[in-house]
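Before any comments, here is the structure.
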Amino acid sequence: MSELVMVEQRTNGLDAGSVWIREGGERLEGQDCDARLMALRVGLRRHFGVRAVGAAAADETVDQALAALHGSRHLEALAAAGEDPEVMPELAPPGLEPDIPVNAALVAAAREAVRTAISAADRLVAGDRYAYAVCRPPGHHAGPDFIGGYCYLNNAAAAVQALREGGLTPVGILDLDLHYPNGTSELVERMGVDATLHSLHAAPVTNVALGTLLPRAPRERAYAFTGAPDPVAYLAEVERSLVELALDVTALVVSLGYDTAEGDPHGTWHFGPEVFAGIGRLLAATGLPVCVVQEGGYSLEALAPCSHAFAAGLLGDDPV
Ligand SMILES: [Zn+2]
């Protein structure tokens, strides 16, 4: 049976819960917190074929990846963040209002998430077929010089960068979070023929400026579902993307969100765990190395059943 290397984020006991700003400037506690990591690990560990390791990438490697992806103004603004959550309008996505504030604890957690994603990609470079970065905060709404939707630094793009540096190129990125990956899109576009992005997400897309046409880059497939999709129709589109990507990529980075699951506080869809088992099976069928990077998914009850189902689909059911 194949093995899935689960890469665990260093949390250092930091309580870096997310903060959200509602229209009118009111600050609310967000849904992204370290308890998500625990729930995801519990679900994965329950599978016989999952082996846990700690995030191992060195500080210099993290710094180099961040410098390659994000602008110096972006990184300097985050590094200057204090203890209290602060709105940074200069880091709002192009044409949009800022929606998340920044504080030092969240920036520290975001750096650890990047370390986790790079460490997972490094496992593929070292020869493992499957690795799963159990990381938070998510990253796919963080662009070259903007933050948004709980995302400060782009974990998936850092994984792609690590694969390219390790010689696993070109890379296909499949984003299966409920939301369109506006940050990953801009970062992948800059990687040229080294990377192709496919995203399946909910319509309407609200995290790009009004009037933006999708796909917004040449090497991108953007498939939007109006209303909650039927799981069979959804998995057919996942398969279509994977068949297309498998034609010319050497490895896959999967931005996996469980905010498509029933009961998600930021979601509107109704997927049960079996959909994620289906995704796992389709990934296994590609024959490609797969680096999973955790994006959204905020229902603490749904996370463990979904991550366990994903592992079972990818690796085959437990031999019990
Ligand atoms: Zn999402």
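The values are calculated or read from the model by the stated rules, or taken from the named source; none is laboratory data. This is a predicted model, so every value here is computed, not measured. Note: ideal-geometry Cβ built from the backbone for every residue, glycine included; neighbour counts use all protein chains shown. Just the protein is used for accessible areas: all its heavy atoms, side chains included, with ligands, DNA and RNA removed. Shrake-Rupley method; radii C 1.70, N 1.55, O 1.52, S 1.80 Å.
Data table
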read-out: Residue within the range 269-276 that is over 15 Å from residue 40 (Cβ atoms), among the hydrophobic types (A, V, I, L, M, F, W, C), surrounded by fewer than 23 Cβ atoms within 10 Å (Cβ to Cβ) and free of Cβ contacts under 8 Å to residues at least 60 places away in the same chain present; value: no
read-out: Options 280, 296: the member that is within 27 Å of residue 191 (Cα to Cα), open to solvent by less than 40 Å² (accessible area, probe 1.4 Å) and part of a helix (DSSP H, G or I); value: 280
read-out: Number of the exception - residue 51 against (1) open to solvent by 60 Å² or more (accessible area, probe 1.4 Å); (2) in a helix (DSSP H, G or I); (3) under 24 Å from residue 258 (Cα atoms); value: (2)
read-out: Check on residue 230, more than 18 Å from residue 284 (Cβ to Cβ), surrounded by fewer than 19 Cβ atoms within 10 Å (Cβ to Cβ) and of a type in the set (Asp, Glu); value: yes
read-out: Of residues in the range 150-161 being more than 13 Å from the ligand (Cβ to nearest atom) and assigned to a loop (DSSP other than H, G, I, E, B), the one surrounded by the fewest Cβ atoms within 10 Å (Cβ to Cβ); value: 153
read-out: Residues satisfying the stated conditions in the range 111-140, i.e. more than 16 Å from the ligand (Cβ to nearest atom) and either in a loop (DSSP other than H, G, I, E, B) or out of contact with any strand residue (DSSP E or B) (no Cβ under 7 Å at 6 or more places or on another chain) (or both); value: 111, 112, 114, 115, 118, 122, 125, 126, 127, 128, 129
read-out: Residues being in contact with a helix residue (DSSP H, G or I) (Cβ under 8 Å, 6 or more places away or on another chain) and not acidic (Asp, Glu) - total across the range 230-242; value: 5
read-out: Options 43, 17: the member that is in contact with a Cys (Cβ under 7 Å, 6 or more places away or on another chain) and in a loop (DSSP other than H, G, I, E, B); value: 17
read-out: Number of the exception - residue 72 against (1) closer than 22 Å to residue 157 by Cα; (2) surrounded by 16 or more Cβ atoms within 10 Å (Cβ to Cβ); value: (2)
read-out: Positions within the range 35-48 being farther than 12 Å from residue 311 by Cβ and open to solvent by 10 Å² or more (accessible area, probe 1.4 Å), in sequence order; value: 35, 38, 39
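The rows are residues; the columns are (1) closer than 17 Å to residue 133 by Cα; (2) open to solvent by 70 Å² or more (accessible area, probe 1.4 Å).
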residue	(1), (2)
56	yes, yes
76	no, yes
84	no, yes
91	no, no
97	no, yes
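Rundown of residues vs (1) of a type in the set (Gly, Ala, Ser); (2) more than 16 Å from the ligand (Cβ to nearest atom); (3) at pLDDT 95 or above, yes/no style:
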{"residue": "264", "(1), (2), (3)": "no, no, yes"}
{"residue": "275", "(1), (2), (3)": "no, no, yes"}
{"residue": "291", "(1), (2), (3)": "no, yes, yes"}
{"residue": "304", "(1), (2), (3)": "yes, yes, yes"}
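One line per residue, one yes/no per condition, for (1) more than 12 Å from the ligand (Cβ to nearest atom); (2) free of Cβ contacts under 8 Å to residues at least 60 places away in the same chain; (3) farther than 27 Å from residue 270 by Cβ; (4) open to solvent by less than 10 Å² (accessible area, probe 1.4 Å):
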| site | (1), (2), (3), (4) |
| --- | --- |
| 142 | yes, no, yes, yes |
| 148 | no, yes, no, yes |
| 163 | yes, no, yes, yes |
| 166 | yes, yes, yes, no |
| 177 | no, no, no, yes |
